[in-house]
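Worksheet: the structure to be examined is printed underneath.
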Amino acid sequence: MVAEYLPVPRMKHSLEEYYAMLEASDRRWEFWNGEFVCMSGGSPAHAMICNRVSYALNKRLAGGGCEVFGSDMAIKTPSLPPFRYPDLSVVCGKPVFGKVDKFHVLVNPLVLIEVLSTGTEHLDREPKRLAYQAIPSVQEYLLIAQNIPHVTRFVRKGRRWQRFEYGSLTAVVELSSLECELPLSEVYRGIEFK
């Protein structure tokens, strides 16, 4: 007897099911074409890098009218509804919040940052990047690797985006929209690369 492999079709969910699941869950989930993708529970290196970057930005931006938000702050992404959860976001000036269903979302981020994970890197590099770049207030987007010292920075220049790569622990990322610098030595302090 020969067994025949039959693929199991994935169940597609509605936005209403997504909102209900979010209300019942203590984890962060994103909605991707009818599927739920968990955005919680990263590696120790991921958590450490997020903490290092948050600390560095808060230290540099203190008293300057900017606010650094962590991964619990949803960002409204009109071109990729309903919203996304970046690892960090920064607003300068008054934060503007909206609502999508019952959920609070930030409408006017200036800088968005993702620390790359194996399972979601493809989303961060392409569809999320394009959705973030479509938000009029966003001026910079950072992708931070966790397995090697490397940062990719996208900067809005008029109607175009420029890409910059930083690949050593001695490199310093210039965040022009925040008028500050982010040394990779601070981002990766204590991280052991494998």
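The values are calculated or read from the model by the stated rules, or taken from the named source; none is laboratory data. Being a predicted model, the structure only gives us computed values, none of them experimental. Backbone-built Cβ (ideal geometry, glycine too); neighbour counts: all protein chains shown. Keep in mind that these areas ignore ligands, DNA and RNA; they rest on the heavy atoms of the full protein, side chains included. Shrake-Rupley method; radii C 1.70, N 1.55, O 1.52, S 1.80 Å.
I'd like the orientation of helix 44-61 relative to the chain: the angle between its Cα long axis and the longest Cα principal axis, in ° from 0 to 90, rounded to 10.
The two axes meet at around 40 degrees.
So if I place +1 on the C-beta of Lys and Arg and -1 on the C-beta of Asp and Glu, and nothing else carries charge, what would the dipole magnitude of the chain be about its Cα centre? I want it in debye, nearest 20.
540 debye
Across all directions of projection, what mean area in square nanometres is found for the Cα convex hull of segment 38-111?
That works out to 5.4 nm².
So what J values fall out for segment 125-132 if you push phi through Karplus, 6.51 cos²θ - 1.76 cosθ + 1.60 with θ = phi - 60°, rounded to Hz, Gly and Pro as x?
Here the 3J(HN,Hα) series is 6, 10, x, 5, 4, 5, 5, 5 Hz.
Hey, what's segment 139-194 come to in accessible area per residue, 1.4 Å probe, Å²?
58 Å²
For segment 1-156, what ratio Rg/Rh do Cα atoms give with a Kirkwood hydrodynamic radius?
Rg/Rh: 1.02.
By how many nm would the segment from W29 to S79 grow when fully extended, if each residue of separation counts as 0.36 nm and the alpha-carbon distance is taken off?
Gain on stretching W29 to S79: 16.2 nm.
Kirkwood hydrodynamic radius for segment 74-144: how many Å is it when counted over pairs of different Cα atoms?
Across segment 74-144, the inverse of the average 1/r is 12.2 Å.
Please get the size of the charge dipole for segment 25-89, origin at its Cα centre, with Cβ charges of +1 on Lys and Arg and -1 on Asp and Glu, quoted in debye to the nearest 20. Show your work: numbers first, answer last.
On the way: 7 positive and 6 negative charges, 51 e Å.
Once rounded to the nearest 20, the dipole reads 240 debye.
Any aspartates and glutamates with Cα under 20 Å of the K94 Cα? List them, leaving off those in the same chain fewer than 8 positions away.
Of all the aspartates and glutamates, those that pass the test against K94 - Cα under 20 Å, at least 8 places apart if same chain - are E67, D72, E140, E179.
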